[in-house]
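Novice: Structure in structure tokens, see below.
The values are calculated or read from the model by the stated rules, or taken from the named source; none is laboratory data. Keep in mind that what you see is a predicted model, and the values were worked out from it rather than measured. So basically every Cβ, Gly included, is an ideal-geometry build from the backbone, and we count neighbours across all protein chains shown.
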Amino acid sequence: MIRVESNFNPRAVSHKGAMGLMQIMPETARLYGVKDPHDPIQNIRAGVQHLTFLMGYFKGDLRLVLGAYNSGVRAVEQLNSMSRYPETKKYIADVLGHYRSAAHLPSR
């Protein structure tokens, strides 16, 4: 996930304002008590906490979790699918591709 989000650059900032390794948004940083979003430990901790929340919220549906991480919970709730967002569709495929490769799982 970090490879796709920031390519391992802790100083990365997106055009939408997401920061650090896991590209957390300022609101997410505040929610999880992050003081320095470019600090790798704080950033990863907040990103993992947010992913944990999303896993519970979307009952473990990894595609919806990744879609919500990338485009927001509301976007996923409104569409219940990410097919309208080409960027998010590609993001999900890229993250799952890296996951499968690292875990030596076959692609589907």
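Novice: Which residues, taken from the stretch 28-39, are more than 21 Å from Leu66 (Cβ to Cβ) and within 15 Å of the chain's Cα centre (by Cα)?
Specialist: Result: no residue meets the conditions.
Novice: Separate question: Can you tell me how many residues in the stretch 64-88 are in a helix (DSSP H, G or I), crowded, with 17+ Cβ neighbours inside 10 Å and not aliphatic (A, V, I, L, M)?
Specialist: Count: 5.
Novice: Return the residues of the stretch 42-59 that are loosely packed, with under 13 Cβ neighbours inside 10 Å, within 23 Å of Arg100 (Cβ to Cβ) and not charged (D, E, K, R); say none if nothing qualifies.
Specialist: Thr52
Novice: Can you pull out the residues in the stretch 5-41 that are buried (at least 20 other Cβ atoms within 10 Å of the Cβ) and in a helix (DSSP H, G or I)?
Specialist: Glu5, Ser6, Thr28, Ala29
Novice: Follow-up question, since we're still on this one. Would you mention how many residues in the stretch 44-63 are assigned to a helix (DSSP H, G or I) and over 14 Å from Thr28 (Cα atoms)?
Specialist: Residues meeting the conditions: 5.
Novice: Kindly establish whether Tyr69 is under 24 Å from Gly97 (Cβ atoms) and either at pLDDT 95 or above or in contact with a strand residue (DSSP E or B) (Cβ under 6 Å, 6 or more places away or on another chain) (or both).
Specialist: yes
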